[in-house]
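Just below is one structure, and these are the notes that go with it.
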Amino acid sequence: MQLLHTVKRIVLVLLSVLAVVALLLFVLGLSNRPPSERKLVQNFQNHRASYERLRDMLLADDGLERVASWGVKTTNSVITKPPAGNFPVSRYNEYVSLLKDVDAEGAFRDQGQNPDVGISVWASGWAGDTRHIAVYWLNHKPSNEVASLDDFYRTPKPRRPVFRHLDGNWYLWADW
């Protein structure tokens, strides 16, 4: 009788552990899916002024490479979080506020004359298998443009990074 009770208890614990693992796999699977193209376009349209302000700031801040809530990377410094480093605290705080407004993770820019700028809006994965979506402002029409990201996601892998036109020089970019 004692053995039967112990076996029942072990089976119950194992079933509970399996249920928790199944739930975690389900949740991780859902978080691994990119937002729909419709949702990305709607977010851009609803927050266009904030995207344009971010673009203007990124274009004006020569030497800036990346900025996010974790800090700033410039061509002259390692990653620092103001007030550490030489990036103005008020400028950093404005970046962080705008990034929150557009629900973005960070922003970045190329160096040199007429740089392209990007705002990271989604990422999922780990190490070499991380996938990204960004809103870009480009100085030129990209050669790797697609009509729909949703259709692009259904194409066979491996895929090359692509752009989907939004408006003017604005594009969505996906790298998987």
Being among the hydrophobic types (A, V, I, L, M, F, W, C) and closer than 16 Å to residue 116 by Cα narrows 60, 84, 68 down to just 60
Residue 66 passes all but one of the listed conditions (1) at pLDDT 95 or above; (2) open to solvent by 90 Å² or more (accessible area, probe 1.4 Å); (3) assigned to a helix (DSSP H, G or I); the exception is number (3)
Of the listed residues (123, 107), the one being open to solvent by less than 20 Å² (accessible area, probe 1.4 Å), of a type in the set (A, V, I, L, M) and touching a strand residue (DSSP E or B) at 6+ places or on another chain (Cβ under 8 Å) is 107
Expected single match for under 26 Å from residue 49 (Cβ atoms), open to solvent by less than 60 Å² (accessible area, probe 1.4 Å), without any contact (Cβ under 8 Å) to a residue 40 or more places away in the chain and not in a strand (DSSP E or B) among 92, 136 is 92
Those residues of the stretch 90-124 that are at positive phi and more than 12 Å from the chain's Cα centre (by Cα) come to a total of 2
Flagged pairs (Cβ under 6 angstrom, 6 or more apart or on separate chains; first in the stretch 32-49, open to solvent by 40 Å² or more (accessible area, probe 1.4 Å); second polar (S, T, N, Q)) are 32/124
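The values are calculated or read from the model by the stated rules, or taken from the named source; none is laboratory data. Nothing here was measured: the structure is a model prediction, and the numbers come from that model. When we count neighbours, we look across all protein chains shown, and the Cβ atoms used for this are built from the backbone with ideal geometry, even at glycine. Note: areas computed on protein heavy atoms with side chains; ligands, DNA, RNA excluded. Shrake-Rupley method; radii C 1.70, N 1.55, O 1.52, S 1.80 Å.
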